[in-house]
Amino acid sequence: MEDPFAWIMVIARNTALSTLRSERIRLKEPIEDHENLRSSEQADTDLVYKETLDELLQHVKQLTPREEEIFIASKVDGMDNKELEKVHNLTPQHVRNLISSANRKIRKLLKRWS
């Protein structure tokens, strides 16, 4: 035996690695148990989206009732102009005018806010 200290260190290292490996195996959990967890980046994005939407909806309350109704149906609910025409019994031009007017007012309000 050339160096007993080196031999003892090798044994200690191997024992420690074996212990760590066995603990790691016991700590493994199926990924299915964590499907509902989101990454912190996704959670941050969701929070910013919700805050922005809430702020936007506060500004939308300053529109006329008809503009508010059409703006929310178009931008939040995702209805296209043809659906808006049918549901609200409006002409195509009236729908475009309401959306344009609402967009212009919202832009002004957001410029003041930022």
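The values are calculated or read from the model by the stated rules, or taken from the named source; none is laboratory data. Keep in mind the model is a prediction, meaning the values are calculated, not measured. Note: ideal-geometry Cβ built from the backbone for every residue, glycine included; neighbour counts use all protein chains shown. All accessible areas refer to the heavy atoms of the entire protein, side chains included, with ligands and DNA or RNA removed. Shrake-Rupley method; radii C 1.70, N 1.55, O 1.52, S 1.80 Å.
A search for C-beta distances below 6 Å between a residue of segment 87-114 that is under 12 Å from E69 (Cβ atoms) and any residue that is aromatic (F, W, Y), counting only pairs 6+ apart in sequence or on different chains, returns A102/F71. Taking the criterion of being free of Cβ contacts under 8 Å to residues at least 12 places away in the same chain and not charged (D, E, K, R), the residues of segment 76-86 that qualify are G78, M79.
Inspection of segment 85-94 finds a residue satisfying the criterion of being basic (K, R), surrounded by fewer than 17 Cβ atoms within 10 Å (Cβ to Cβ) and more than 25 Å from R112 (Cβ to Cβ). Out of the residues in segment 23-51 that are among the polar types (S, T, N, Q) and surrounded by 10 or more Cβ atoms within 10 Å (Cβ to Cβ), which is modelled with the lowest pLDDT? The residue in question is Q42. Listed by first and then second residue, the pairs linking a residue in segment 46-75 that is under 20 Å from R112 (Cα atoms) to a residue that is open to solvent by 100 Å² or more (accessible area, probe 1.4 Å), with Cβ atoms under 9 Å apart and 6 or more places separating them unless they lie on different chains, are E55/W113; L56/K75; H59/W113; V60/K75; E68/K61; E68/Q62. Residues that are under 19 Å from D54 (Cα atoms), in contact with a helix residue (DSSP H, G or I) (Cβ under 9 Å, 6 or more places away or on another chain), open to solvent by less than 80 Å² (accessible area, probe 1.4 Å) and not β-branched (V, I, T) within segment 70-84 comprise F71, A73, S74, listed in sequence order.
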